[in-house]
Amino acid sequence: MKRLLIALQFLTIIPVKNSMTIKDADVAGSSSAFVIVGLIQGILLVVTGYVSGRVFHPDLVIGIILLVLVLSNGGFHLDGLADTFDAIAAKSEGNIDIDKQKRLLIMKDSKTGPIGVIAIVFALALKYLSLKNISYFSPFTYYSSLMLMPILSKWTMVISMFYGKPAREDGLGRIFINNIRGKDVVISTLILFSILILLQVFFSYYIPSGQYIFYAVLLVTMYFLCHAWIHFFHKKFGGLTGDTLGAISEITEIIFLLMVVAWSRLSI
């Protein structure tokens, strides 16, 4: 429960009161509950989509869903995405080490540059258009996508923290990356598998044929993409930061939705 409360404090704006003494190991260990936080967000999105769908036009419903998603974590991950892309877009000085330090300084700047704004706009636009496409498929595909989107993004953050290294010697990202254990990854992955299995069991009548194959392809793809992102960010920044983890979360959600659209269309 302690780890879940810490994860809720870190990933959402839910006002959780925690008077317990928190150590670095506790903060890193909360990563095992990231997927549960994603599940809570996913259920919130499903409820939002269903309730608002009783009143509003489907296009407006998707906008409301994305608004709830952003508000539920205070735009934390979008801010990381913007800072990351602002830093990546920095002009090179011709020296690898100097470039890395320059990008890290840009990432710490509280101001959002034009590239960061563009990244946010495209991220939200791609999510909106993808969800609009998915809404034309079966209700199961639509609502399960709403639920799994934040779950998978949290899982890829855990995977990235475990295999990555910190780019800085300070910051919250360093605490997670330096202290996360294999046990936390295993727990997070088992929770994810359990959610997918429960979807198969309770909604077997509504699930499209070959859905379990899609889940297998999805997880393998996300796992290897995590390694690709880690390699890229290590090259650009010398490691991972809290901002790059937020960027990974946002990119994961986009790729997941695109994969749902592509798989559903190819399966028809």
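The values are calculated or read from the model by the stated rules, or taken from the named source; none is laboratory data. Predicted model, so just to flag it, every value in this text is computed and none were measured. Virtual Cβ from ideal backbone geometry, glycine too; neighbours counted across all protein chains shown. Please note that ligands, DNA and RNA were not included when accessible areas were found on the heavy atoms of the full protein model with its side chains. Shrake-Rupley method; radii C 1.70, N 1.55, O 1.52, S 1.80 Å.
Worth a mention:
- Residue within segment 246-254 that is in contact with a Ser or Thr (Cβ under 6 Å, 6 or more places away or on another chain), more than 16 Å from residue 145 (Cα to Cα), surrounded by 13 or more Cβ atoms within 10 Å (Cβ to Cβ) and of a type in the set (Val, Ile, Thr) present: yes
- Positions within segment 43-56 being part of a helix (DSSP H, G or I) and either open to solvent by 60 Å² or more (accessible area, probe 1.4 Å) or of a type in the set (Ser, Thr, Tyr) (or both), in sequence order: 43, 44, 47, 48, 50, 51, 52
- Some residue of segment 31-38 being open to solvent by 20 Å² or more (accessible area, probe 1.4 Å) and over 22 Å from residue 131 (Cα atoms): yes
- Segment 207-223, residues that are in contact (Cβ under 8 Å) with a residue 60 or more places away in the chain and not in a helix (DSSP H, G or I): 207, 208
- Counting the residues of segment 148-174 that are under 22 Å from residue 36 (Cβ atoms) and either in contact with a Pro (Cβ under 7 Å, 6 or more places away or on another chain) or surrounded by fewer than 21 Cβ atoms within 10 Å (Cβ to Cβ) (or both) gives 4.
- Screening segment 57-140 for helices (runs of 4 or more DSSP H) wholly inside it with 2 or more residues that are in contact (Cβ under 8 Å) with a residue 24 or more places away in the chain, surrounded by fewer than 18 Cβ atoms within 10 Å (Cβ to Cβ) and at positive phi returns no ranges.
- Pairs where the first residue, in segment 228-256, is in contact (Cβ under 8 Å) with a residue 40 or more places away in the chain and the second is of a type in the set (Val, Ile, Thr) and surrounded by fewer than 21 Cβ atoms within 10 Å (Cβ to Cβ), C-beta under 7 Å, 6+ apart: 236/88
- Qualifying residue in segment 223-242 (condition: surrounded by 14 or more Cβ atoms within 10 Å (Cβ to Cβ) and closer than 22 Å to residue 70 by Cα): yes
- Among residues of segment 175-206 being outside any helix (DSSP H, G or I) and surrounded by fewer than 18 Cβ atoms within 10 Å (Cβ to Cβ), the one that is farthest from the chain's Cα centre (by Cα) is 205.
- Figure legend. Inter-residue proximity from segment 152-165: first residues within 14 Å of residue 231 (Cβ to Cβ), second residues of a type in the set (Gly, Ala, Ser) and open to solvent by less than 10 Å² (accessible area, probe 1.4 Å), beta-carbon distance below 8 Å, spacing 6+ or different chains. Indicated pairs: 164/239; 165/239.
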